[in-house]
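Read through the structure below, which is laid out as structure tokens, and then see the notes.
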Amino acid sequence: MKKNKRYSIFSLARNARNYHENWAAAWRSPEPKPSYDAIIVGGGGHGLATAYYLAKQHGITNVALIEKGPIGLGNTGRNTTVIRSNYLWDESAAIYELSLKLYEGLSQELNYNIMLSQRGLVSLAHSQHDLREIERRVNAIRLNGIDSEMLSMAELKQLIPILNLSPNSRYPVIGASIQRRGGTARHDAIAWGYARAADDRGVDILQHTEVTGFRIQGGRVEGVETTRGFIAAPKVGVAVAGHSSVLADMAGFRLPISSHPLQAMVSEPLKPIFNTVLMSAAVHVYLSQSDRGELVMGAGIDKFNSYAQRGSPPILEDILAATVELFPIFSRVKMMRQWGGIVDVCPDASPIVGKTPVSGLYLNCGWGTGGFKSIPGSGFVFAHTIAQDEPHEIAAPFSLERFSTGALIDEHGASGVAH
Amino acid sequence: MLRIECPHCGARDEAEFSCGGEAHIARPKEPDKLSDAEWADYLYMRTNPKGILAERWCHTFGCRRWFNIERDTVSHEILRVYAMGEPRRESGT
Amino acid sequence: MKRQRNRLDVGARIDRSRRLRFHFNGKPYEGFAGDTLASALLANGVRVVARSFKYHRPRGIYSAGMEEPNALVQLGGGASSEPNLRATQVELFDGLEAASVNCWPSVNFDIWAFNDRVSGLLPAGFYYKTFMWPKSFWHSYEKVIRKGAGLGTAPEMPDHNIYEKRHQHCDVLVVGGGPAGISAALAAGRSGARVILADEQAELGGALLGNGERIEAASGVDWAMGARAELDGMDEVRVLSRTTAFGYYDHNYVLMVERVNDHLGAPPGTLRQRLWKIRARQVVLATGSIERPMVFADNDRPGVMLAGAARTYINRFGVKPGNRAVLYGNNDHIHQVALDLADAGVRVEAVVDVRAKAVGEAVAAVRERGIEVMAGHAVGGALGKKRLRGVEVLALNEKGDGFAGDIRRLRCDLLCLSGGWTPTVHLFSQSGGKLDYSENQACFLPGEARQAVSVAGAANGVFALKGCLGEGAAAGRSAAGKLGFREVGAPEALPVAQGEAGALMPVWRLPPVSKGERRFVDLHGDVTVSDIELAAREGYSANEHLKRYTSTGMGPDQGRTGNMHALGILADIRGESIPAVGTTTFRPPYTPVPYGVMAGRDVGVLADPVRMTAMHGWHERSGAVFDDVGQWKRPWYFPRTGEGMAAAVRRECIAARSGVAILDASTLGKIDIQGPDAAKFLNRVYTNSWNKLAVGRCRYGLMLGEDGMVMDDGVTSRLAENHYFMTTTSGGAARVMAWLEDWLQCEWPELKVYLTSVTEQWATLSISGPNARRLLSELAEGVDLEADAFPHMVVRSGKVAGIEARISRVSFTGELGYEVSVATSYGLALWQAFQRVGENYDLTPIGTEALHVLRAEKGYIAVGHDTDGSVTPGDLGMDWIVSKKKDFIGRRSLARADTMRTDRKHFVGLLPETRVPEGAQIVAEYKRRPPMKMIGHVTSCYDSAALGRPIALALIAGGRERIGETVTIPLTLQGRVVKAEITSPVFYDPKGERLNG
């Protein structure tokens, strides 16, 4: 990081003296070059992280990141900011744990405070079936060397005193697990922090540049057609959650993906009242409180395909009924803002990271509801895959071929929210 | 909340229906003759268009009949409702 | 009690005969019926009512409506406590208690105001640049930051009110009860269309309630009251006051909240609010507009207020918002308001108008009163801290974009602002409509619509009353006309109203008068002009980046009074036009909506329907402990007095193995299948063959998904030539039914097969144990139960306890067993008959836990318990049930590379040293510390009474080849390690002799 760009309490104080008029732009707005060593399509967290790790881990700095709008405004800026790595299958645990570990050092690495708040993530069980599934997951996670515990009802009550633990509720809470390293991070900061750090290493971030097609010769990608002209590159990585099928269609193949709305909402700001992240599969809700004081909530996906970034109100009614059932004191709290993202959903609720039928074209998609928590790990292994033209070992199970062989990594239900 | 015209019951709220995803995915007649990749194409690969999508819906909390619709996945406008087994329009994707 | 010192003696829409007492921040005050909390506070001279979000600056009442950025209060306490209400929207009631939020110890002396002193260190996005060292400390910083943020507090008790939802269809939904909305509703209503007029205020009239304008000879308010009376007289018209349309969704679906009795204090147990779910054929949005302020240094001081708000406090509430006023703006409105202020006895110091040429009726009238009009001037800054003490005025240069000349100070305690109007296009935008920028009006207007919606009046950029009336009527008439409704006779003549207003001159930002001054753009979030400049400098110059980086418009007021300025300033910095910079997305809800009203009645016992069998009452009376299986309540076990779960389950198991046990099996999914192609259909959906099943016989079937994974199982019987009866798992019943219908209707419409779900129609009990036949024989009539006549897997019809019944000889316990099914209404009678006769057999009711122990001893799978959607029949060792001769759903998937692997996880038995939790993981090579390679997991584990030891079922990689090997189960949660031997999954009676006995 160049010296005059570095962030710290001291640079903040120094700049306060001249009314903050000397801060540099966090990233440049360069004109596109005719060709690059690699192009990343998609300026969300995954694309930005990939560009950063290409430059940092693999020394590939002649990179263009192409984004059709401003960066970070798709799912990266629309999620509920939950971070965790408590996944059932070894393959999933590996990639999400890599991600969580990278998150743990990311503020310092990027010199940008991502406000990682590891306040613990609690999953509730409401039936013997839930309890068995949670127990299975916790055991698997622990043997993978990742932190996870069961909570006694007394511990749960102490941790979340406002939770309705009445045995008379419709689906009484009968047990819970916790990943203490789970929590939240500031979503915008992830995009901006990676963008600033990637730019600093030479990556050209080209905003307002839309890809309109791929130039493919003899099964090899040669570059991308964009609204700002053709840009050549021997390697193109695509990370455009929500629009993966659209880009795949441009490259001439189909994906096992459907695009669905995923809705979220925040309440008006409240003084601190809830200090963990909570999820309940049975009553379909996850909830945390942001540093601004808003209760942040999300639910399951809307069932129909959509590219509209909006869903149907019954989902909201369900989340809020579930929330009031779990937290009766929130009945008079108000929903302030509600929105939707477009998530790629794979049949096994696991991502696709790897090579495609087109040589030199790489794909990163299908994260479903797990996109935000996987950003650093995904970018890390995707950068490796692009640089080496060979999947990173953690990415290897997430190939497109698994749909032919049948080696699916079925995380249905493993996200804790029914799909 | 979509308002869907059930061909048998009339217009009803989306909440009464279940969405069955992309329509016109016929089950291969002779699965054994397909390669793994061809079978995967039937089983998993989807067009997932941004624009007009032909999809299946079932009036689950009504007549329980399945039918097809053409819907714009950006505006959510429903352009056509038609019977199961009826072909999609030429112009449809 | 203090006197209402700012209250006018006459006029306005308050009832001076009805005094209402209330407390604010613990102090007693008095107001009148018709007041809002804000108007009552102003009447009592309360200036500082709140603190800002970030710098905790003292703030006063700024508006008279939902756009209020400052005056957020906590209302009530205990079970009625509600955070973050706008004082400008809270209708006063007797006994109201409210307090300021976000300040400590009090709103007048707030420790957190220290933030204001160090604001230089806290520019937009400061937190991204610091708190990173040392690495582990963010958590500590965060605790402090969290306490400083947030506004009100969550209630401490559950809500004591109730909520409800209503669904309603209408021809025309009119949103907004101002002049345009009223006109639209009248026109549509007169045509006979079914109309709903929703308005967020307590009474119709909208802006007319506050601006004192006249319609023909009457006051605007009287006109509105007359219209209300006419609307109330129309059969098909419903007027909903205190109702906010907050969300516009697909296909003209609009959600609205009606505040039923908040204005009465919502007594405990009463219906507080109602959610309206409207499906409208046509929508007319007459949602009005919101006045914009002007931006200058310290423009947030208590006493600075929107001009329209000041006017409303005088005309509607009879409150003088100040004693000495300056007005500042860029349009005629400030002049009109100056006249109203003067009429109310407020001393008007000057009207400061940025327009060099301020002309027109209102301006002339102001001059006539001897009030100074400072044309071509601007306010550079406000003076005072906890209350406004004056303003600094400067002349503008010729271009109007900078200052010329010296500062002149004017004393005042009220500064009224008008920077033009922002049409309320939120709902239109939510509906998918496009917005177009109007250069002359300096605002976004509704453009092309996506749904059946039109916009009228101020929301459409028509701000003068005359235009609102005309456009509203036209919109109402047109909406109804599109649906075939026509007004009888000629349309009523439009009422005559006042003329047009003069043009405004947009001024988004002026240069600072002094370095470091703070000009607030978003009052709520404390976002200043410098913050916006900083964001743009650092590259966050996309509108959506700016909003997120500075938090502009992110508060509960959604930046209603500041967003256009933010956009204008950003456009100015970027040197682009406003439409090029764009607008932010309008997201629901329009104003915040309580969780409670969205939840409605779907909480508590009504959170989800409870399904109960016909025998449920008996189970309850017999002390059953229940488990939730889907929506069903199933008896888990039946403890006797003083008996724990383990003992009860053991006793139940022993009864089944040595005597006879009875189980309520009514929750099993049941599907009646009829038609000539039924067997063909079963062949396609089950893995095994159904060609040779004779009438009166039963067969077990396994169902796969098309991906080859086990999805459900159950016994299907052939009742007649073309009549089958399928059972499914309890949890899978609905899914299987839907799945079968899907295949039948969509893929195989040529098959003549008819499916009926009969789960609810049949009550089923299951008896098993060596004495099952003897027990049944006491109740069965006309059925030969002898083993040869009625062997295993046979179904017969007959009477049991005098009730028509189906009897199947099937078993999930491995013992001699029968299932008896009768019409649900006879279920309890049947069960009770068995209990009576069963006394001689020590008939023991058992729950699902004992059933699981018994089936696990036999190695029977429980789908969803031992399988998880990644298990094939081969994995389960059930290749015997997979036909090689025919195609069936999922067959091709079993021949894929991964499903053919020989090292897949196999279903095996385990003999663990001690009982282990289900879900425990299994390793081949134990290490003292993780990670270690897992080879499978325990799917079921019980203490078996029959075997006198714990047994388990498990899925283990290559398990069938490892039988006899010892594996390790590390229980890291419990801190112990258990060894287990891999065995066959069948632990008990492997030859099935008991079953066939």
* Express in nm, to one decimal, how much length is gained between C:R409 and C:W880 on full extension, taking 0.36 nm for each residue of separation and deducting their alpha carbon distance. => 159.8 nm
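Suppose a student asked you for the relative contact order of region C:862-996, using Cα pairs under 8 Å spaced at least 6 residues apart; what percent would you report? Before the final figure, lay out the partial values.
Working: 233 pairs, mean separation 34.9, N = 135.
Worked out over region C:862-996, it gives 26 percent.
What is the average number of partner chain Cβ atoms found within 10 Å of a Cβ in C:337-346? The partial results should precede the final answer.
On the way: counts 0, 0, 0, 0, 0, 0, 0, 0, 0, 0.
Mean number of neighbouring Cβ atoms from other chains: 0.
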* Highest-MSF residue in chain B out of B:W57, B:W66, B:W39 [GNM, Cα springs under 10 Å] -> B:W39
* Considering chain A as a Gaussian network with a 10 Å cut-off on Cα pairs, which listed residue, A:R215, A:R17, A:R181, attains the greatest mean-square fluctuation? -> A:R17
* Helix C:848-857: angle to the longest alpha-carbon principal axis of chain C, degrees 0 to 90, nearest 10? -> 50 degrees
* Any idea how far the Cα center of region A:3-25 sits from the one of region C:829-874, in Å? -> 71 Å
* **Packing rank of C:691-703, C:786-798, where each peptide gets the mean count of other beta carbons within 10 Å, highest leading** => C:691-703, C:786-798
* Accessible surface of chain C, 1.4 Å probe, proportion on carbon and sulfur as whole % -> 51 percent
* What nm value, rounded to one decimal, do you get for the distance between C:E721 and B:A11 when each label is placed 7 Å out toward the C-beta? -> 4.8 nm
* To do: Report the paramagnetic label zone for C:K143: residues of region A:266-304 whose backbone N is under 19 Å from a point 7 Å from Cα along the Cα-to-Cβ axis.
  => A:271-277, A:289-293
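Under a point-charge model restricted to the Cβ atoms of Lys and Arg (+1) and Asp and Glu (-1), what is the dipole moment magnitude of the protein assembly as shown relative to its Cα centre, in debye to the nearest 20?
Working: 173 positive and 165 negative charges, 621 e Å.
Roughly 2980 debye for the protein assembly as shown.
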* Hey, rough spin-label estimate for C:A218 and C:Q974, points 7 angstrom out along Cα→Cβ, what's it come to in nanometres? -> 8.1 nm
* In order through region C:143-152: 3J(HN,Hα) via Karplus (6.51 cos²θ - 1.76 cosθ + 1.60), integer Hz, x for Gly, Pro -> 4, 5, 4, 4, 5, x, 8, x, 10, x
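Taking every residue in C:736-749, how many Cβ atoms of other protein chains lie within 10 Å of its Cβ, on average?
Details: counts 0, 2, 6, 0, 0, 5, 5, 2, 1, 8, 12, 6, 1, 4.
Counting other chains' Cβ atoms within 10 Å and averaging over C:736-749 gives 4.
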* To do: Starting from the Cα gyration tensor of region C:862-996, take the square roots of the eigenvalues, sort them a ≥ b ≥ c, and report rounded, prolate or oblate (rounded when a/c is under 1.5, otherwise prolate if a/b is larger than b/c, else oblate).
  => oblate
* Which order do peptides A:41-50, C:646-655 fall in by mean Cβ count within 10 Å, highest first? -> A:41-50, C:646-655
* **Summed buried accessible area for A+C [probe radius 1.4 Å, Å², rounded to 100]** => 9500 Å²
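So, counting K/R as plus one and D/E as minus one, what does the shell of residues with Cβ under 14 Å around C:S658 add up to? Intermediate results must be reported in sequence, preceding the final value.
Numbers: positive: C:R650, C:R651, C:R657, C:R774, C:R994; negative: C:E652, C:E815, C:D842, C:E857, C:D989.
Spelling it out: positives minus negatives among the neighbours equals 0.
What's the FRET efficiency of C:R450 with A:F253 using the Cβ-Cβ distance as r and R₀ = 35 Å, to the nearest 0.05? It would help to have the intermediate numbers written out before the result.
Values: r = 32 Å, r/R0 = 0.92.
Step by step, r from the Cβ atoms, then E = 0.60.
Would you kindly state how much longer the chain becomes between C:K692 and C:S797 on full extension, computed as 0.36 nm times their sequence separation minus their alpha carbon distance, in nm to one decimal?
On the way: separation 105, 0.36 × 105 = 37.80 nm, distance 2.09 nm.
Contour length minus the Cα-Cα distance gives 35.7 nm.
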* Structure fact -> Note on chain C: alpha-carbon gyration tensor, axes a ≥ b ≥ c; rule is a/c under 1.5 for rounded, else prolate if a/b larger than b/c, else oblate; result prolate
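Using a Förster distance of 60 Å, how high is the FRET efficiency between C:D9 and A:N22, based on the Cβ-Cβ distance and rounded to 0.05?
Numbers: r = 58 Å, r/R0 = 0.97.
According to the calculation, E is roughly 0.55.
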* Asked: Check C:K670: other-chain or 5+ apart residues with amide H under 5 Å from its amide H, H built from backbone geometry?
  -> C:T728, C:V758, C:T759
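With r defined as the distance between the Cβ atoms of C:K933 and C:I963 and R0 fixed at 22 Å, what FRET efficiency is calculated, to the nearest 0.05?
Details: r = 20 Å, r/R0 = 0.91.
Working from the Cβ atoms, E equals 0.65.
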* So which GluC sites (Glu not before Pro) in region C:412-487 end up in coil per DSSP with only 14 or fewer other C-beta atoms within 10 Å? -> C:E439, C:E448
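Summarise the partner chain shielding of C:601-611 as one whole number: the mean count of Cβ atoms from other chains within 10 Å of each residue's Cβ. Walk me through the intermediate numbers first.
On the way: counts 1, 8, 12, 8, 3, 3, 9, 7, 1, 1, 0.
Average per residue, whole number: 5.
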* Structure fact -> Percent relative contact order for chain C, counting Cα pairs under 8 Å at least six residues apart, stands at 9 percent
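Of the trypsin sites (Lys or Arg not before Pro) in region C:512-595, which ones lie in a loop per DSSP and count no more than 11 other C-beta atoms within 10 Å? Don't skip to the answer; put the middle values down first.
Numbers: sites: C:K515, C:R518, C:R519, C:R537, C:K547, C:R548, C:R560, C:R574; in loops: C:K515, C:R518, C:R560.
Answer in residue order: C:K515.
Could you do me a favour and compute the accessible area per residue for region C:512-576, 1.4 Å probe, result in Å²?
About 22 Å² of surface per residue is accessible.
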* To do: Per residue of region C:126-142, in order, report the coupling 6.51 cos²θ - 1.76 cosθ + 1.60 (Karplus, θ = phi - 60°) as ³J(HN,Hα) in whole Hz, putting x for Gly and Pro.
  => 4, 5, 6, 9, 9, 6, 9, 10, x, 3, 7, 8, 3, 4, 6, 4, 4
* To do: Show the residues, 5+ positions off or on another chain, whose built amide H is closer than 5 Å to the amide H of C:I215.
  => C:G220
* To do: Whole Å is fine, so just give me how far the alpha carbon centre of region C:886-938 lies from that of region C:237-295.
  => 56 Å
* To do: Please identify, among A:L121, A:L98, A:L270, the residue showing maximal mean-square fluctuation in a Gaussian network model of chain A using a 10 angstrom Cα cutoff.
  => A:L270
* Structure fact -> Applying the gyration tensor rule to the Cα atoms of the protein assembly as shown (axes a ≥ b ≥ c; rounded if a/c under 1.5, else prolate if a/b exceeds b/c, else oblate), the class is prolate
* Over region C:851-939, relative contact order from alpha-carbon pairs under 8 Å, at least 6 apart, % -> 24 percent
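Run the numbers for C:K752 and C:Q835: contour at 0.36 nm per residue of separation, minus the present Cα-Cα distance, in nm.
Values: separation 83, 0.36 × 83 = 29.88 nm, distance 4.25 nm.
In short, 25.6 nm is gained.
What is the packing order of peptides C:161-171, C:344-354, taking the mean over residues of other C-beta atoms within 10 Å and listing the highest first? All intermediate terms of the calculation are to be shown ahead of the outcome.
Details: C:161-171: 17.3, C:344-354: 21.9.
Averaged packing, sorted descending, gives the order C:344-354, C:161-171.
Tell me the net charge near A:S404. Cut-off is 11 Å between Cβ atoms, A:S404 excluded, with +1 for each Lys or Arg and -1 for each Asp or Glu.
Values: positive: A:R402, C:R896; negative: A:E401, B:D36, B:E38, B:D41, C:D898.
Result for the neighbourhood of A:S404: -3.
The values are calculated or read from the model by the stated rules, or taken from the named source; none is laboratory data. From a predicted model like this one, the values you see are computed outputs, not experimental measurements. Heads up, the Cβs are rebuilt from the backbone with ideal geometry, glycines too, and the neighbour counts pull from every protein chain shown. Surface areas here come from the heavy atoms of the whole protein model, side chains and all, with no ligands, DNA or RNA. Shrake-Rupley method; radii C 1.70, N 1.55, O 1.52, S 1.80 Å.
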